[in-house]
Amino acid sequence: MKKVVASIFTAVMMLAVMATGAFANDDAMVRIVHASPDAPAVDIYVNGELTVENAAFKAATDYLSVPAGDHEVEIFAAGTTENPVISQTLTVEAGKAYTVAAANTLENIELVVAEDSMNVTEGKTKVRVGHLSPDAPTVDVGLVGGDALFAGAAFKAVTDYQELDPGTYDLEIRTPDGTQVLDLSGTTLAENTVYSVFAVNTAENLEVLVLEDGSVMPSEMPKTGMGGASQSTSNAAPIAAAIAGLGVVAFFAFRKKSAQ
């Protein structure tokens with residue numbers, strides 16, 4: 001009996017690895033962020049199917065698996081299906097991950113699309129900054145009283161990633177002349193983790209939305225999340241792991257169920 005169970009377990013693990021590989025080759029990962037400060041809660045339809053329901057300002061979905069290619073994205077005020085606030089074609093490539101933010105004021109709402117990274121050098125942390133505050137000036141992000149890590153970010157800009165040593169940093173958002181806009185002292189960046197830090201809301205009420213793009217186990221296997229919506233402004237929803245053992249079995253079971 002033990003041999004039978006072991007054989008089944010091994011077979012499931014192999015199929016799980018195969019499923020993960022097929023997923024990476026054939027699909028893209030898309031995360032949607034509600035970053036329009038005066039827009040109502042929204043429903044998001046992809047190719048005519050309700051994908052995200054009643055997402056409020058600062059809500060961020062987990063990564064959603066979608067086939068590579070063109071997809072029609074429509075965003076409506078929650079509970080309605082007429083007069084979308086956004087109707088746009090989104091093109092994604094296989095094996096890539098994206099953040100798609102509904103940004104700007106409601107009157108001028110638009111999609112800001114950024115390609116994400118899910119890999120980081122083991123023992124390091126990686127971070128980038130996105131400027132999604134429609135009336136905030138061009139800003140730098142850096143150490144309080146120190147050098148800028150990211151300079152000259154204007155509205156809708158998403159910077160390149162930088163790898164850093166993990167730890168707690170006293171950061172600030174400031175104008176290029178050094179005037180502090182927002183104190184981010186005590187920002188903790190964990191080892192083996194990739195972050196996107198988005199400045200959102202209006203300039204008068206500026207705040208940050210910190211999302212976890214990905215993380216790696218010491219074996220260098222990537223972890224990616226899928227599914228639902230998160231209201232957290234300090235971290236993304238938990239990242240589902242494509243790892244060995246029971247984690248792989250659980251991932252395969254999820255994929256199998258989703259395909260039915």
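The values are calculated or read from the model by the stated rules, or taken from the named source; none is laboratory data. Only a predicted model underlies this, so the values are computations on that prediction, with no experimental measurement involved. We place every Cβ from the backbone using ideal geometry, glycine too, and count neighbours over all the protein chains shown.
Taking the condition over 19 Å from the mean Cα position of the chain (by Cα) and modelled with pLDDT under 95, does GLY145 pass? Spelling it out, GLY145 is indeed over 19 Å from the mean Cα position of the chain (by Cα) and modelled with pLDDT under 95.
Has the stretch 106-115 got at least one residue that is in contact with an Asp or Glu (Cβ under 8 Å, 6 or more places away or on another chain), acidic (Asp, Glu) and closer than 15 Å to TYR161 by Cα? Give the derivation first.
Initial filter on the stretch 106-115 (in contact with an Asp or Glu (Cβ under 8 Å, 6 or more places away or on another chain)): 106.
Right, trim to acidic (Asp, Glu) and you get none.
Checking the stretch 106-115: not a single residue is in contact with an Asp or Glu (Cβ under 8 Å, 6 or more places away or on another chain), acidic (Asp, Glu) and closer than 15 Å to TYR161 by Cα.
Kindly provide the set of residues from the stretch 104-125 that are in contact with a Pro (Cβ under 7 Å, 6 or more places away or on another chain) and either surrounded by fewer than 16 Cβ atoms within 10 Å (Cβ to Cβ) or of a type in the set (A, V, I, L, M) (or both), ordered by number. Matches in the stretch 104-125: THR105, MET118, ASN119, GLU122.
Which one of these is free of Cβ contacts under 8 Å to residues at least 24 places away in the same chain and not β-branched (Val, Ile, Thr): PHE150, PHE76? Full working, then the answer.
Details: PHE76 fails: free of Cβ contacts under 8 Å to residues at least 24 places away in the same chain.
Checking each option against the conditions leaves just PHE150.
Within the stretch 78-109, the set of residues being of a type in the set (A, V, I, L, M, F, W, C), part of a loop (DSSP other than H, G, I, E, B), over 18 Å from GLU53 (Cβ atoms) and out of contact with any helix residue (DSSP H, G or I) (no Cβ under 6 Å at 6 or more places or on another chain) comprises ILE109 only.
Could you please let me know if SER36 is touching a Ser or Thr at 6+ places or on another chain (Cβ under 9 Å), closer than 20 Å to VAL158 by Cβ and polar (S, T, N, Q)? Before you say what the answer is, go through the steps one by one.
On the way: touching a Ser or Thr at 6+ places or on another chain (Cβ under 9 Å): yes; closer than 20 Å to VAL158 by Cβ: yes; polar (S, T, N, Q): yes.
Yes.
Out of all the residues in the stretch 180-195, which are within 15 Å of LEU143 (Cβ to Cβ) and among the charged types (D, E, K, R)? Scanning the stretch 180-195 gives a single hit, ASP183. The set of residues in the stretch 77-91 that are over 17 Å from ASN104 (Cβ atoms) and either surrounded by 11 or more Cβ atoms within 10 Å (Cβ to Cβ) or among the aromatic types (Phe, Trp, Tyr) (or both) comprises ALA78, GLY79, THR80, THR81, THR91. Quick check: anything in the stretch 148-163 of a type in the set (Lys, Arg) and part of a strand (DSSP E or B)? Checking the stretch 148-163: not a single residue is of a type in the set (Lys, Arg) and part of a strand (DSSP E or B). Highlighted here are the strands (runs of 3 or more DSSP E) found entirely within the stretch 29-72 that include at least 1 residues which are over 18 Å from ILE109 (Cα atoms): 49-55, 64-67.
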